[in-house]
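Input: a single structure, listed below in structure tokens.
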Amino acid sequence: MARYTAAVCRLCRRETASSKTGEKIKLFLKGDRCLSRKCAVERRGTAPGQKTQNTKARQKISEYGRQLREKQKMRRYYGVLETQFESYFREAQRVPGQTGKVFLQTLERRLDNVVYRLNLAMSRKQARQLVNHRHFTVNGRIVDIPSFIVKPGDVIMISNRSKETDAFKAQIEVRRTAVIPSGSSSPRPTPRRKFWPSRVASKSTRR
């Protein structure tokens, strides 16, 4: 399984340095650390890499360069590599409707992203690891594939062997006052969540 293993804070610094408005762009790849003063964007907003005194001023970004940066930003935000990202887009082109809307819905319906949205993980990277370690079930069956596409009505639960672990007990307690997204139904912080978005693509796949 291919995955990005290098430093992730440099990704946020790259996007911030490429911003035309000087806005601090945070991809929230390290959970709550990104909200503290320890965030790399807060400490150093310059682009990663070696700096020299003779560095020329940045040239004007072309339309292609702007679109490339937006694509890279979205890909890094969801933690998807280039090949899979392109596969999602080509699949969205085959589904009736707006391609961009269907494409975004497919990324949002990944199991690791749903776990993160349900406040059961501090970041998408942690959610991916928890799914890989078989901590979650979908409709009563253990799923260890982070790219599993969740369908409307699927019930996501913490597996029986993981419910009593200290890590999940602490996570549920910390997230007791967290806001649950509108795409799920749960009256209180429990290990059970039902995925029922109001707007999702009618076609679902598993990769």
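Quick one: if the Förster radius is 30 Å, what FRET efficiency do Glu82 and Asp32 give, using the C-beta to C-beta distance and rounding to 0.05?
Values: r = 29 Å, r/R0 = 0.95.
For Glu82 and Asp32, the calculated efficiency is 0.55.
Determine ³J(HN,Hα), in whole Hz, for all residues of the range 24-37 in sequence, where each value follows from phi through the Karplus function 6.51 cos²θ - 1.76 cosθ + 1.60 and θ = phi - 60°; x replaces Gly and Pro.
Ordered by residue, 3J(HN,Hα) equals 7, 9, 10, 8, 6, 8, 10, x, 5, 4, 5, 8, 9, 6 Hz.
Estimate the FRET efficiency between Gln98 and Asp166 by the formula 1/(1 + (r/R0)^6), using the beta-carbon distance for r and 35 Å for R0, to the nearest 0.05. Provide the component values of the computation, followed by the final result.
Numbers: r = 44 Å, r/R0 = 1.27.
Once the sixth-power term is evaluated, E becomes 0.20.
Can you tell me the length gained on complete extension of the stretch Lys24 to Arg134, counting 0.36 nm per residue apart and subtracting the Cα distance? Mind dumping the intermediate values first?
Values: separation 110, 0.36 × 110 = 39.60 nm, distance 3.54 nm.
That pair, Lys24 and Arg134, stretches by 36.1 nm at full extension.
Given points 7 Å out from each Cα along the Cα-Cβ axis, report the Ala7 to Ile142 separation in nanometres with one decimal.
Taking the two extended label points, one gets 3.7 nm.
Read-outs: derived from the displayed coordinates by stated rules, not from any lab. None of the values given here were measured: they were computed from a predicted structure. Every residue, glycine among them, receives a Cβ derived from its backbone with ideal geometry; neighbour counts consider all protein chains shown.
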